[in-house]
Structures are given as structure tokens and as C-alpha cells.
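The values are calculated or read from the model by the stated rules, or taken from the named source; none is laboratory data. Just so we're clear, the structure is a prediction, and the values are computed from it rather than from any experiment. For neighbour counting, all protein chains shown are included, and Cβ atoms are generated from backbone atoms with ideal geometry for every residue, glycine included.
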Amino acid sequence: MRYFVEIGDETLELNLERIDDGSFRVRTTDGQELAVTSLLQRPGMHALSVAGRTVEVQLSEQQVKLGGERFAVRAQSERERVASHPAVGTLRAAKEIVAPMPGRIVRVLCAPGALVRQGEALVVIEAMKMQNELCAKSDETVRAVRVSSGDTVDRGALLVEFE
């Protein structure tokens, strides 16, 4: 499974493969390979052994602690990234949001006339049992919402229009 991990201004692309013993093999795009084993798992916190070094991951705070230093981290699966960063053609214009995949609308989080901020979740779409938030790409005023909770949509269907 492919993940994108943002640490500061840098984004790493990682491919994860579960090994029979329960650990993971992690490969970077430049071919580097790391063995990752879970050492401890508590609600909101994981301790991992990454290439022999202990890394603490605090999920609730989106932080990684390594060697006494804390780093802000954001990780997304490939599916989550597609939903939040639509591919060419899924964002028809700066004034529309369209469905990046076929699915079912779970929640509509905006209404006509609402002022939305960049990054604010507008619609939650479910595809293949995964829920994905579609977010505003810039500060906008919602002109129209073309879907309701429970609607089934095709890829490219118009969901939200902006003024």
C-alpha cells in the first residue's frame, strides 16, 4: 500500500508491505528499504522500531518523536490523497468540486451562501468502504450544493459550485 508522509515542507512517498511475521517492509521511491516493527500500541500512540531506531508516533497530535525531537507529520494513503488532491480533470474549474471517484455521499457539510475556508471539509464521499473528505481548495462562497446525503454519484459528478 502506498502512503504519502509530509514532514515540514517535504513529502515522502512510501510503499508498505506486510511481512508474514507481522512487521512491515517500507520502501522509498529511491529504493531504500526499511524494516518496521511495532513495539507498543496504546490509544493515540505507537512505538515503532524503524531500521533499529525507536520512533514514537502520537496519532492524536500528528507528531513523531525521534531522538528526543518532535516533528509535525501528516500521513495519507494513496486513496485519501486522491480524494483531497483531485487528479487533473476532477476539479473542472476553480469554481466547482466534482467527485474524484464513484461513491455514495455520506455527509454534506456546507450550504448555499456559506463562506468556506481553504482546507475546510465540504462533502464526505464513501467509496469501497472508505470515507473521504473533499475540501475547499481556497476561500470561497458556496453558490450551490448539487448532492444530498445518501446520493450515489459517478466519478466527475458536480457536487459543489462556488460563486
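Among the aliphatic types (A, V, I, L, M) and part of a loop (DSSP other than H, G, I, E, B): does that describe residue 142?
Details: among the aliphatic types (A, V, I, L, M): yes; part of a loop (DSSP other than H, G, I, E, B): no.
No, not satisfied.
Within segment 95-120, how many residues turn out to be surrounded by 15 or more Cβ atoms within 10 Å (Cβ to Cβ) and touching a Cys at 6+ places or on another chain (Cβ under 8 Å)?
Of the residues in segment 95-120, 2 are surrounded by 15 or more Cβ atoms within 10 Å (Cβ to Cβ) and touching a Cys at 6+ places or on another chain (Cβ under 8 Å).
Condition first: part of a strand (DSSP E or B) and surrounded by 12 or more Cβ atoms within 10 Å (Cβ to Cβ). Now tell me which residues in segment 61-76 satisfy that. If you could, list the steps in order and put the result at the bottom.
Initial filter on segment 61-76 (part of a strand (DSSP E or B)): 63-66, 69-76.
Selection gives 63, 64, 65, 66, 70, 71, 73, 75, 76.
For the subset of segment 43-81 comprising residues that are closer than 30 Å to residue 134 by Cα and of a type in the set (A, V, I, L, M), which member is modelled with the lowest pLDDT?
Once the filter is applied, the top-ranked residue is 59.
Is at least one residue of segment 47-60 basic (Lys, Arg), part of a strand (DSSP E or B) and more than 22 Å from the chain's Cα centre (by Cα)? Break it down into steps so the answer makes sense when it comes.
Residues of segment 47-60 that are basic (Lys, Arg), as a first pass: 53.
When the remaining residues are screened for being part of a strand (DSSP E or B), the result is 53.
In the following step, the residues that additionally are more than 22 Å from the chain's Cα centre (by Cα) were identified as 53.
Checked segment 47-60: at least one residue is basic (Lys, Arg), part of a strand (DSSP E or B) and more than 22 Å from the chain's Cα centre (by Cα).
Output the residues belonging to segment 123-139 that are modelled with pLDDT of 85 or more and in a loop (DSSP other than H, G, I, E, B).
Here is the first cut: in segment 123-139, the residues modelled with pLDDT of 85 or more are 123-127, 130-139.
Matches in segment 123-139: 136, 137, 138, 139.
Check off (1) hydrophobic (A, V, I, L, M, F, W, C); (2) at pLDDT 85 or above; (3) in a loop (DSSP other than H, G, I, E, B) for residue 94 and give me the number that stays unchecked.
It is condition (2) that residue 94 fails.
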